[in-house]
Structures are given as C-alpha cells and as structure tokens.
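Here's the structure we're looking at; comments come further down.
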Amino acid sequence: MNIMERQTEKNIRKKITNQNTCLTPEQYHILKEKGTEAPFTGKFLHHKKTGTYICADCQTELFSSNTKFDSGTGWPSFSDAQNKEHIELKPDHKYGMNRIEVLCKKCGGHLGHLFNDGPTPTGLRYCINSASLDFKEKKKTS
Ligand code: FE
C-alpha cells in the first residue's frame with residue numbers, strides 16, 4: 001500500500017470510528033474488529049516509562065505504568081486497571097475458549113483479555129494489545 005492509499009484508508013477509518021483520533025489499519029482491526037497483534041511485536045511490550053496508558057481511539061485513561069509487568073507472553077501485561085469504571089469485561093467463548101474480553105468502556109474498543117494468573121496482590125493479568133493503547137508520560141516535577 002503506498003502512502004496515498006494508506007492516508008485514504010486512514011480517512012475512511014476515521015469516518016467509521018467517528019473519533020478525533022486517526023487509527024492505523026492495524027489499530028482499527030484490533031480495536032474495532034477484535035483482532036490480536038502478533039506476540040512480541042507490539043510497541044509497548046518493553047516500554048518502561050512512567051505514566052498512563054490510554055485508549056488509542058478515545059484517549060480514556062486505562063492502565064498505570066505502576067501495574068505493568070513482564071508476563072513473558074509477548075503482550076503488554078498489567079496487574080490492575082487504573083480505573084475499573086473505564087474498563088468493561090465481557091465473557092468471550094470464541095475459538096472454544098472461555099476467556100474474559102477487556103474493552104474500553106467509553107468507545108467499546110477491544111483491548112485484550114483478562115486472566116487470573118497474574119502477580120500478587122491482585123492475581124490478575126490484563127493481557128493488552130499495544131495497538132489498542134497510547135501513552136501519556138508523567139512529567140517530572142522539579
Ligand atoms: Fe476507547
């Protein structure tokens with residue numbers, strides 16, 4: 001796909017999502033079509049900065065960097081949600097599995113899945129696609 005085609009596709013996506021942000025085709029596929037990025041490929045897998053992970057589409061605050069941990073699964077993993085009011089959980093029985101889907105409550109975007117094999121104290125692992133996220137770095141106060 002050349003740059004012009006990509007830009008056109010982005011503009012079409014923008015109209016579909018009706019949000020202010022502009023999703024890439026991969027972000028659209030994951031957030032709006034419940035896709036999954038290939039493991040060990042996401043931009044936030046080894047991201048260690050201090051701040052807040054937000055929805056790539058509607059910018060709602062979702063996860064704090066304080067709860068991010070290396071699960072070894074190949075996807076960014078969090079032991080807790082920053083604000084449970086911003087997260088929606090739904091049973092997901094696709095592919096013969098019993099999983100819990102994690103969605104952005106505001107825009108309904110697919111984020112990933114929730115598992116109960118995380119670290120203490122929560123025991124939770126929010127397994128989240130990098131493509132569903134953006135990051136707001138916490139400014140150092142001097
Ligand atoms: Fe959202």
Among the residues in the stretch 98-108, are any within 15 Å of the ligand (Cβ to nearest atom), part of a strand (DSSP E or B), touching a helix residue (DSSP H, G or I) at 6+ places or on another chain (Cβ under 7 Å) and among the aliphatic types (A, V, I, L, M)?
no
Single residue of the stretch 109-142 satisfying the filter (of a type in the set (A, V, I, L, M, F, W, C) and more than 15 Å from the ligand (Cβ to nearest atom)) that is nearest to Ala56 (Cα to Cα):
Cys127
Among (1) among the acidic types (Asp, Glu); (2) outside any loop (DSSP other than H, G, I, E, B); (3) surrounded by 14 or more Cβ atoms within 10 Å (Cβ to Cβ), where does Asp80 come up short?
(2)
If you go through the stretch 57-93 one residue at a time, how many are under 22 Å from Pro121 (Cβ atoms), polar (S, T, N, Q) and either in contact with an Asp or Glu (Cβ under 6 Å, 6 or more places away or on another chain) or within 16 Å of the ligand (Cβ to nearest atom) (or both)?
3
Suppose we keep only residues that are at pLDDT 95 or above and of a type in the set (D, E, K, R) within the stretch 5-49. Which one would you say is surrounded by the most Cβ atoms within 10 Å (Cβ to Cβ)?
Glu37
Just name the residue that is surrounded by the fewest Cβ atoms within 10 Å (Cβ to Cβ) out of those in the stretch 83-125 that are closer than 22 Å to Gly51 by Cβ and basic (Lys, Arg).
Lys84
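The values are calculated or read from the model by the stated rules, or taken from the named source; none is laboratory data. All figures in this text were calculated on a predicted structure; none of them were measured in a lab. Backbone-built Cβ (ideal geometry, glycine too); neighbour counts: all protein chains shown.
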